[in-house]
Amino acid sequence: MNTTYTISFVAGARPNFMKIAPILKRFNYIIDNSLYEDVTINIELVHTGQHYDRNMSKIFFEELEIQKPNYNLAVGSCSHAEQTGKIMIEYERLLMAHPANMVVVVGDVNSTVACSLAAKKLHIPVAHVEAGLRSFDMTMPEEINRRLTDTISDLLFVTEQSGINNLINEGVSPERIKFTGNVMIDNLNHNLNKIKSGRSKPHENIFNFVKKSDKYAVLTLHRPSNVDNSDNLVKIWSALTSISEELPILFPVHPRTRKKFDALGLINDNIFFIEPIGFMDMLYAVNGSTLVLTDSGGLQEETTAQHIPCITIRENTERPCTVEIGTNYLAGTEPQIIIDTARTILSGKGKKGSIPPLWDGQASYRIADDMINFLLST
Ligand code: UD1
């Protein structure tokens, strides 16, 4: 007897797109090749509209070959409660009109927690990809989103050992936890191959910057704790200014960060502010860089996977394996520590790092199989 299952995949903000891409790709392969006998799988992609600018959303769909979303909830930017509430209302409405057998959420953004709550209250099983990560800093909106999502999810797909430990310490039953590796690395490997084989070429401004710079750093900064507070931002800026005397810094600027820099009037000839760039340009720039300075979560992982030194401008990380096994340094926001870490790296004494377990480019295979087996067992 043939059984049909509908799976609703949620993506809403920039860091979701690189996680959902390899999972959708694998599901499409399974469907096109009928890998599971007597099972029909329908996949539906929902974009919440949390991010909406071309450079924050559409460009990722094009470059990562993500199918057009079946639905766009178009919630846009607003306060946390309003954004989370709007997504819940719209997604609940959608699920009631178009029921699903499983909802898949990724990462830790407001769309992740909003859609998992809406689904769970309709008794739809939830699968959370990138579960168990903890910064233990409840002032971060992402930490609240992660904890709430994990508490109600039926399947918890974990990227590193700390995720398993955290979930077990929180009393989660081991059957819900699946150590499947990191889909960010599936996406990274796939797209790095496209660059290395010449199938993807960077835009001219990025190509020219990389070509003319013998060594350079790439910078990203958008955490509210770093950019919303002027004192912190000025402190971080003093470290960046000092590092920029040693090597130029390419800085694709997030919209919320741009507003703050414009208001404070911070500029420097050797720090190159550019608009947010797509995944392929970023990968090209990071892959050729001497070091990366960031407060992003994903870049800590992508640099470790490429053996590129990374200075994380935060007091904590929810991805400790990048520091313990990889090339990441948790420098905090004290200028002297950031500068000294950069000097260690530039003097050639930086750590070389290894690739964490199961960051092998096959996480999406394991995740898709586990999801289908879960559906078959219910
Ligand atoms: C969100 C995620 C964060 C992730 C980041 C990556 C939450 C709580 N935070 O933070 O985890 O690392 O995305 O970018 O979900 N804006 C635009 N265009 C857009 C989107 C946003 O101009 O397409 C501006 C708006 O002024 C908005 C501000 O950026 O108010 C912040 O956007 P928002 O989605 O609220 O949070 P992010 O800082 O992007």
The stretch 299-358 - residue that is among the small types (Gly, Ala, Ser) and part of a loop (DSSP other than H, G, I, E, B) and, of those, nearest to the chain's Cα centre (by Cα): Gly326
Residue match in the stretch 10-21 (condition: within 13 Å of the ligand (Cβ to nearest atom), within 30 Å of Leu192 (Cα to Cα), touching a Cys at 6+ places or on another chain (Cβ under 6 Å) and not aromatic (Phe, Trp, Tyr)): yes
Neighbours by Cβ (under 9 Å, 6+ apart or cross-chain): first from the stretch 55-79, of a type in the set (D, E, K, R); second assigned to a loop (DSSP other than H, G, I, E, B) and surrounded by 15 or more Cβ atoms within 10 Å (Cβ to Cβ): Lys58/Tyr52; Glu62/Gly278; Glu63/Ser200; Glu63/Gly278
Pair list, Cβ under 6 Å, 6 or more apart: the stretch 86-112 residue touching a residue at least 40 places away in the same chain (Cβ under 8 Å) and farther than 13 Å from Glu44 by Cα, other residue basic (Lys, Arg) and crowded, with 17+ Cβ neighbours inside 10 Å: Val106/Lys19; Gly107/Lys19; Asp108/Arg146
Tabulated pairs, the stretch 349-363, first closer than 8 Å to Gly181 by Cα, second among the hydroxyl-bearing types (Ser, Thr, Tyr), C-beta under 6 angstrom, 6+ apart or interchain: Ala363/Thr180
Conditions (1) within 16 Å of the ligand (Cβ to nearest atom); (2) in contact with a helix residue (DSSP H, G or I) (Cβ under 7 Å, 6 or more places away or on another chain): number failed by Ile206: (1)
Helices (runs of 4 or more DSSP H) wholly inside the stretch 129-218 containing at least 3 residues that are charged (D, E, K, R): 141-152, 183-196, 204-212
Count - residues of the stretch 124-136 that are more than 20 Å from Leu45 (Cβ to Cβ), within 13 Å of the ligand (Cβ to nearest atom) and not polar (S, T, N, Q): 1
Looking only at the stretch 230-253, and only at residues there that are touching a residue at least 60 places away in the same chain (Cβ under 8 Å) and in a loop (DSSP other than H, G, I, E, B), the one that is nearest to the ligand (Cβ to nearest atom): Leu247
Of residues in the stretch 29-41 being exposed (fewer than 14 other Cβ atoms within 10 Å of the Cβ) and not in a loop (DSSP other than H, G, I, E, B), the one nearest to the ligand (Cβ to nearest atom): Tyr29
Tally of residues being among the β-branched types (Val, Ile, Thr) and within 16 Å of Ile338 (Cα to Cα) across the stretch 228-270: 5
Subset of the stretch 55-99 that is away from the ligand (no atom under 15 Å from the Cβ), surrounded by fewer than 17 Cβ atoms within 10 Å (Cβ to Cβ) and not in a helix (DSSP H, G or I) - its residue that is nearest to the chain's Cα centre (by Cα): Glu65
Test set (1) under 30 Å from Asp262 (Cβ atoms); (2) in contact with a Leu (Cβ under 7 Å, 6 or more places away or on another chain); (3) assigned to a loop (DSSP other than H, G, I, E, B) - Leu221 fails condition number: (2)
Pair list, Cβ under 8 Å, 6 or more apart: the stretch 33-51 residue at positive phi, other residue surrounded by fewer than 16 Cβ atoms within 10 Å (Cβ to Cβ) and among the aliphatic types (A, V, I, L, M): Asp38/Met1; Gly49/Ala74
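Per-residue answers, yes or no, for (1) hydrophobic (A, V, I, L, M, F, W, C); (2) in contact (Cβ under 8 Å) with a residue 40 or more places away in the chain; (3) closer than 23 Å to Ala331 by Cβ:
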residue	(1), (2), (3)
Val158	yes, no, no
Asn189	no, yes, no
Lys212	no, no, no
Lys215	no, yes, yes
Asp228	no, no, yes
Filtered residue count, the stretch 113-123, keeping only those that are more than 16 Å from the ligand (Cβ to nearest atom) and touching a residue at least 60 places away in the same chain (Cβ under 8 Å): 1
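Where a number appears in this text, it was derived from the coordinates with a stated rule and is not lab data. What you see is a predicted model; the values in this text were computed from it and never measured. Here the Cβ is made from the backbone with ideal geometry for all residues, glycine too, and neighbour counts use every protein chain on show.
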